[in-house]
Structure formats: C-alpha cells, structure tokens
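Below: one structure, written as structure tokens.
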Amino acid sequence: MKSAFELAMERLGGAPTKPLTNEQKEQLAEVHRIYEAKMAQAKFDLARRLQGVFEPEKIKQINDDFQVELRSLEERSEIKKDELRKQFTK
C-alpha cells in the first residue's frame, strides 16, 4: 500500500524517493537540533533585550528584529536539510 506522499508524488510526476537510512535520518536530526538550539538562544536574547525597555516603539522594533532572525534561522535550517537530502540522492 502506498503512502499519501507517494500517491501525491505520482500525481505530480515526481520520482518516488527511497527511504532514508538511519544515518541519514540522524544527520537531518542533528541539523534540526542545531537550529532549534540557535532559535532557543535567540529567544533568550530577546528576553534579555526586552529587560528594562518600556517604550512601545523600541519593544516593537526588538520584536520585529527577533521575528526576522527566527525566519532566517528557519530558512537556513531548511536549506541545510535540503542540501543533505540532495547529497543522499547522489
């Protein structure tokens, strides 16, 4: 029986992918752990930067900067994972 993913790939014309090995899964998990740690650090930095700040404009700017940083980390994580996945198919 095919998974929903496999059926969707067939409909879209994509090639079915072979399952990842345990080593490959671990490599992807390691990238995930690294970027989760970086995001957690960014949250701690956010709390530190907000201490003692009472001006709404300043608070908004700090929060906006945090959101940009978080999106950047998420994007870099996905790029790293995609690079690994491409290496796995070679």
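Details
- If the condition is being free of Cβ contacts under 8 Å to residues at least 24 places away in the same chain and closer than 16 Å to Met39 by Cβ, then the range 63-72 contributes Asn63, Asp65, Gln67, Val68, Arg71, Ser72.
- Residue check for Lys60: at pLDDT 95 or above, assigned to a helix (DSSP H, G or I) and in contact with a helix residue (DSSP H, G or I) (Cβ under 8 Å, 6 or more places away or on another chain): no
The values are calculated or read from the model by the stated rules, or taken from the named source; none is laboratory data. Being a predicted model, the structure only gives us computed values, none of them experimental. Glycine also receives a Cβ, built like all others from the backbone with ideal geometry; neighbour counts cover every protein chain displayed.
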